[in-house]
2 protein chains.
Amino acid sequence: MLLLRRCQTLTRFGSRNTERHLRVPSAVASCAVRLWSSREEQRSQQHGRGLSWRHTLAGLLAGTGAVLAYGLHHHRHKAEQADSIGDKTATKDSTLPIFSQEEVTKHRTLADRVWVTYKGGVYDITDFVAMHPGGDKIMLAAGGAIEPFWALYAVHNQEHVLDMLAEYKVGELSAEDQKKQQTVKSSDPYSSDPERHPVLRINNLKPFNAEPPPEILSDSYITPSALFFKRNHLPVPQVDPASYRLHVEGLPGGALTLSLDDLKKFPKHTITATLQCAGNRRSEMNKVKQVKGLNWGIAAISNATWSGARLRDVLQAAGYHPDVAQWARHVQFEGLDKDVTGTTYGASIPLNKAVSEEGDVLLAYEMNGEDIPADHGYPVRAVVPGTVGARNVKWLGKVIVSAEESNSHWQQNDYKGFSPGTDWDTVDFKTAPAIQELPIQSAITQPADGAVVDRSAEEVTIKGYAWSGGGREVVRVDVSLDGGKTWQVAQLRGGERGQASSPGRAWAWKLWEVTAPLPPAAQELELVCKAVDDSYNMQPDSVPPIWNLRGVLSNAWHRVNVKIREDEDEDGDEE
Amino acid sequence: MLLLRRCQTLTRFGSRNTERHLRVPSAVASCAVRLWSSREEQRSQQHGRGLSWRHTLAGLLAGTGAVLAYGLHHHRHKAEQADSIGDKTATKDSTLPIFSQEEVTKHRTLADRVWVTYKGGVYDITDFVAMHPGGDKIMLAAGGAIEPFWALYAVHNQEHVLDMLAEYKVGELSAEDQKKQQTVKSSDPYSSDPERHPVLRINNLKPFNAEPPPEILSDSYITPSALFFKRNHLPVPQVDPASYRLHVEGLPGGALTLSLDDLKKFPKHTITATLQCAGNRRSEMNKVKQVKGLNWGIAAISNATWSGARLRDVLQAAGYHPDVAQWARHVQFEGLDKDVTGTTYGASIPLNKAVSEEGDVLLAYEMNGEDIPADHGYPVRAVVPGTVGARNVKWLGKVIVSAEESNSHWQQNDYKGFSPGTDWDTVDFKTAPAIQELPIQSAITQPADGAVVDRSAEEVTIKGYAWSGGGREVVRVDVSLDGGKTWQVAQLRGGERGQASSPGRAWAWKLWEVTAPLPPAAQELELVCKAVDDSYNMQPDSVPPIWNLRGVLSNAWHRVNVKIREDEDEDGDEE
C-alpha cells in the first residue's frame, strides 16, 4: 500500500512537466512514467520521427521480488550521456572523510543507516530508501557497491540520478578498498543479449523492448521473427540446448524432467497465433493522461507459426488426470530469465485452458519453422494462443500445476485492468483479474498519421490488422474516412471466416485493406478503424473512458489523420 | 435479393413519417418498421407511459419458409380497432360482379393473376404480391380466403391494411360460397396461449413478446418465471407431456427417441444462466435510425435457474463419439412451434459448445425449480448458456447433429450483425456469422430516464444489471453521473468474482449498485454505465457506430437522464 501511495505522488508531480521537477517525483516507487518537454515532442515521437527523449523519468516496477526496468534514453544518445555521468561522480571531495569498506559494510539497515559506494564515493542513502522507484530492492546494495545493481537496469544511467546520489555523499572509500572493488567489477548482464534488426523501434534497450514500423508489420501475414515485436522483462538468458531441462511439477506422479530431445518426442503440433503485449497502443493512453509503462505504438503485436509439444500432452505424461481439476485451477510457468535476486519471470494460465484439446497451448521450440530465436524464448517457450503476451512465458524452465495463480509480480500486481477513476492511491490489485484473453483490437498501419495524399491519386488505400483474444475470430472491420460518421467494410486477408478447426480457435489475426475514393471536398481525412469478433464484441469509441493507470488494454478505435494536397497547377497558392 | 431491395424502399419512404405515406411503404417485403407520428410519442412509449401507437407500420419477416410477425397496436386498443375494421370491409359494392369460389380458385398464380377472398369480397392482389411485407408467403392464400393467414399474424389487423386491400377489390363472392366459408372459419392460433402477468410490457401480442419493467427486473437476482422476458416467434404449442417425444438424429447409431420420463433419467444438472434477446435495447437503435424488429427496451434479458439433462449426456447416449467431430460441426434444434406452413422454429449451435463438459448446455425441463412454464418451452427447451436467446430453442422437438448450421430463417437470414453502413440494398446475410455468444452488456434499471430526484435526498442510488456472453464473467461496472467524464466503480451483487466452476462458465448476470452524493451544482445528471468482462471487453461508447439494420447487439453505454429538484423552501419559483 505504501508503494502505491508513492506512485500517486509521482503522478501529481509529474504533471508539472519540467526537468527540474523531475528530481522530486523520482523520489517515488513502482512507477515508470515518461514526461515530455512539450506536446510537440510527444507528437513527433508518436509519428516515429525518432527525436531524442530529453525530458523523461522512469523507475523500477518492484513487486514481490521481481523487478521491471524501463530505459529512458534513446539508444543513439547513450554513449555521450554515459561520458558526462562518469565525469560528474568521479570528482573527489577532499573535505569528506575516508571510510574503509569494513566501515561501510556496517551500514546495512535503516537502524544502522544505509550506506553504499559508487565509483569510490561513499553515500548515506538512508533517507532515499523509502523514495526509491525500485522499492526495497535498493536494500540489496546496502553496505556495498551499487554498480552491479545499476548495471542491470539502464534506468540509472542518467544525469539526474547521479545528481540525486551526489546529495547523499558522506565520504570517500579508502584507496585500498577501491582497488579491491576493481577486481570484482560487474559485467553488463545484457552484454550477451542477441543482435537485433536495425529497423525495430526501440522502446527500451535494457531489457530490450521494441516494435516494428507499422507499415512493415502489415506487409506480411506471418511476421518474420526478426521483426516480431520484442518484449523482454529481464536479460536474455543463455541456454545451452544440450543441458536444458524442463521441469513439470505439481502433479500426483511427482516431478517430470524433460530434455529438449525428450520434448521433441511428443507429437509435434503447429499453430499460427498472434501475440500481443497488454501495453500495445499504450502511447494513445499517455496522450490522455500519463500512465506507467513502455510507450508502445501500435505494433506490439505480431503473428507467427509456432511448433512444439502440446502442453496438454506433456501434462498427461506427467500424470495429469481429470481428477486433478478438483483441486488444481492454474498452470504456472517460470522463465529462466532472472533478476538480480535470482527471481525468475513468472505467470500462470487457467488449468482448463492448459488441458483443453481446443486450447492449443504449446511448449514451442520452433517459430516460423526454425528454432525459436533467443529474444523469443530459445529453446522453449509457452505459446498460449488467444492470451496476452505476458503469459506466453519465454525461456521456459518450469511448469507447475497448482491451486493458485503464479505468485509473480506480473501475475499479481501488474497486467490487470482498472477503471479510469482508479488511481495509485485507490488501486487494489486484488480486485481485478489477471489479464488472460485480450479484447477485440484493430489498428491502421497505413497510411501513417500525418501522411499527405495527393489529390491526383484520386483514392487512398488503408491497411491494418485486427485480432481478438480467446480464439474469437475477427468477422468484420469497419473503416471510416470521416472520423466515424460513415463506415465501410474492409476486405479481410488471412483465411475465410469460419476456417478455424472449430469455433473459438481462431488464434491468428486478420490483415485488412480498403481502397476508397478521396472525398471531393475534403482537405483532410480522419481515418478510423474498428473491428468486430465472432462474439460481436466491438472496440470502444474513445480512449479516455478506458484509460487505466497501467495503460494496458488500449483498444479504442484507432484514428489516423491524413492531409490531402491539392494539385499545384489547380490550387497552388504561393502566399 | 429481390426481397432485400424491397426493404430498402420501405426505409426510404418510411422516413417521410406520415400516415398517408404509409400506404406506399407498406408495399415492400421482409420489413417491420414502426413509424412514429412524432418524436414526442416515441419518447412517451420509451418511458412506458403506454400511449396508443397510432402511426405504425409493420410487416412480416419471411425467410425460407418461416415467418416472423410483428404486432403493432397496443393491446388495450385492440377491441375498438377490430370493430371499425370489420365495418369498413363488410360494405358491399353492388356495382361489382359476383364470383363463385370455383372462379376464385382459378387465380392462384401470377400468370393467372392472384385472387383472394376476405369477408365476402374478392380481391385481385396480383400487383401487390411483390410488395407484400411478408414476402412470397402471401401466395399461400392465393385462390382462397385470407382470414386463416391473417389470424396468425395480428399485424394485418389494422385500418391501413384494409384500406390497401380495398383498392384491389374486383367483386363479391357468391352468397352460397360465403356460407360454405363460414363453416371452415379459422380459429385464432394464439387462442391457447397462456395467461401472462399484467405487469409485463407487451411489445407484441401475437406472437407474444413482452418484457418486465426495468425497476422490477433488478429487484431479484433470479427473475421469477412470470416476469422473465417472453420472446415467442409463433403461437405457443400445446404439448401433452405424456405423449411428448424428443428425437435425437444425425448420429451414427441412428435416431434416439426419448419421452419426458426418459429424459429425466439422465443425471439432472442445474445451472443459473441469464438469457438475453439479440434485440434487447433495440429501441435505442431506433432512436438513431429506424431498424427492423420489436422495439425492446432494456429488459429483454432475465436470469433463472435451469435444470435438466446435459445435452452432452444425451448425445453420448445417442451414439456421439469424438470421431463425429470429424464431419459434424453443428447441433440443430427444432421447436414444436409452427407457422401456417408447418415450418417449425429452428436454430443451431456449434458442436463443440454442445458436447463440451464446460459448455453446460441443457435439455431443461425445470425453470426456477418448477416445470418450465408454457411461455418458456414446456415441457423441454434447450438452454445454451452464454448464447443469444434465439438459440435456446423452446418446446424442443428435435436435436440434429449435422455438418451444417440450421437452415432456418432465424439462423440464416436473421440474428446477424452488420456494419452501420450496410443497408437493405447491400446486405448479404451470408457474409456475417449467426450470433451465438453475445458481447458485454449492462444497463441502468433505476432510476428511470426522466426521473426526478429531490435535492434533499442528498444522494442517488443507481442500480442495474451487467452480463457478458460466452461464460465471460463481468468483473467491473463503471458508473458515471456526468455523462461519462468521470467514473466510479459499482458494487457487484451475484457472487464473488471467480466463483464459477472454471473460467468461461460464468453464465449468470451480476446486479450492481452505486450510491453517490448528488453533485452540488448539478441541475440534472446524465447517468451512464458500462461493464467489463474477464476478457476485458468493454461496451462501445455510443449507438450510431454499432447501429445495424436489424437493430441487434445494442450494447452501447446505457444513459439515463435524471433531474434534480431543488427544495422548494430554498429555491421555489412560482412563475
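Kirkwood radius and radius of gyration were both taken over the C-alpha atoms of region B:431-567, and their ratio Rg/Rh is 1.02. Remark: mean inter-chain Cβ contacts per residue of B:416-426 equal 4, using a 10 Å Cβ-Cβ cutoff to other protein chain atoms.
Sorted largest first, the spans of the alpha carbon positions of region B:375-467 along the three principal axes are 63, 41, 20 Å. Sorting the Cα pairs of region B:99-181 by distance into bins of 10 Å, from 0 upward, gives 18, 57, 24, 1 percent per bin.
Taken about its Cα centre, region B:435-477 carries a charge dipole of about 120 debye when Lys and Arg each add +1 at the Cβ and Asp and Glu each add -1 at the Cβ. Give, ordered by residue number, each residue of region B:429-453 whose 1.4 Å probe accessible area is reduced by a minimum of 50 Å² on adding the remaining protein chains to the chain alone. The answer is B:PRO433 - residues whose exposure falls by at least 50 Å² when every protein chain is included.
The Cα center of region B:391-427 and the Cα center of region B:208-229 differ in position by 26 Å.
Quick one: if the Förster radius is 51 Å, what FRET efficiency do A:LYS268 and B:VAL170 give, using the C-beta to C-beta distance and rounding to 0.05?
Values: r = 76 Å, r/R0 = 1.49.
Plugging the Cβ-Cβ distance into 1/(1 + (r/R0)^6) gives 0.10.
Within the straight-line cut-off of under 26 Å between alpha carbons, the lysines reachable from B:LYS106 are B:LYS92, B:LYS119, B:LYS137, B:LYS169, B:LYS179, B:LYS180, B:LYS185, sequence neighbours fewer than 8 places apart in one chain being disregarded. To put it simply, the accessible area of region B:174-312 at a 1.4 Å probe is 52 percent carbon and sulfur.
The apolar share of the surface of region A:421-523, taken as the fraction of accessible area on carbon and sulfur atoms (1.4 Å probe, ligands and nucleic acids excluded), comes to 48 percent.
With the convex hull drawn around the C-alpha atoms of region B:294-404, the volume per residue stands at 121 Å³. The base-10 log of I(q)/I(0) for region A:161-218, evaluated at q = 0.30, 0.31 Å⁻¹, reads -1.15, -1.17 [Debye formula, identical scatterers on Cα atoms, solvent excluded].
At a probe radius of 1.4 angstrom, the accessible area of region A:92-240 per residue rounds to 45 square angstrom.
Identify the chymotrypsin sites (Phe, Trp or Tyr not before Pro) of region B:283-335 meeting these criteria: DSSP loop state and at most 15 other C-beta atoms within 10 Å of the C-beta. Before the final figure, lay out the partial values.
Numbers: sites: B:TRP296, B:TRP306, B:TYR320, B:TRP327, B:PHE333; in loops: B:TRP296, B:TYR320, B:TRP327.
Hits after loop and neighbour filter: B:TRP327.
Solvent-accessible surface of region A:378-465, averaged per residue with a 1.4 angstrom probe and all protein chains in place: 28 square angstrom.
Averaged over the residues of peptide B:519-532, the number of Cβ atoms from other protein chains lying within 10 Å of each residue's Cβ is 1.
Sorted by accessible area with a 1.4 angstrom probe, largest first, how do A:GLU358, A:GLU159 fall?
Values: A:GLU358 65, A:GLU159 95 Å².
My answer, sorted largest first, is A:GLU159, A:GLU358.
Size of the dipole of region A:194-311 about the Cα centre, Lys and Arg at +1 and Asp and Glu at -1 on the beta carbon, nothing else charged, in debye to 20?
The calculation lands at about 380 debye.
Rg/Rh, computed from the Cα trace of region A:122-262 with Rh as the Kirkwood radius, has the value 1.09.
Working from Cα pairs under 8 Å separated by at least six residues, relative contact order for region B:212-267 is 22 percent. Using a 1.4 Å probe over protein heavy atoms, the accessible area lost on pairing B with A, summed over both chains, comes to approximately 3400 Å². One Cα centroid belongs to region A:539-561, the other to region A:467-519; the line between them spans 18 Å. Placing +1 on each Lys and Arg Cβ and -1 on each Asp and Glu Cβ, with no other charges, gives region A:96-237 a dipole about its Cα centre of roughly 280 debye.
The values are calculated or read from the model by the stated rules, or taken from the named source; none is laboratory data. From a predicted model like this one, the values you see are computed outputs, not experimental measurements. Note that we place each Cβ from the backbone using ideal geometry, even for glycine, and neighbour counts take in every protein chain shown. All accessible areas refer to the heavy atoms of the entire protein, side chains included, with ligands and DNA or RNA removed. Shrake-Rupley method; radii C 1.70, N 1.55, O 1.52, S 1.80 Å.
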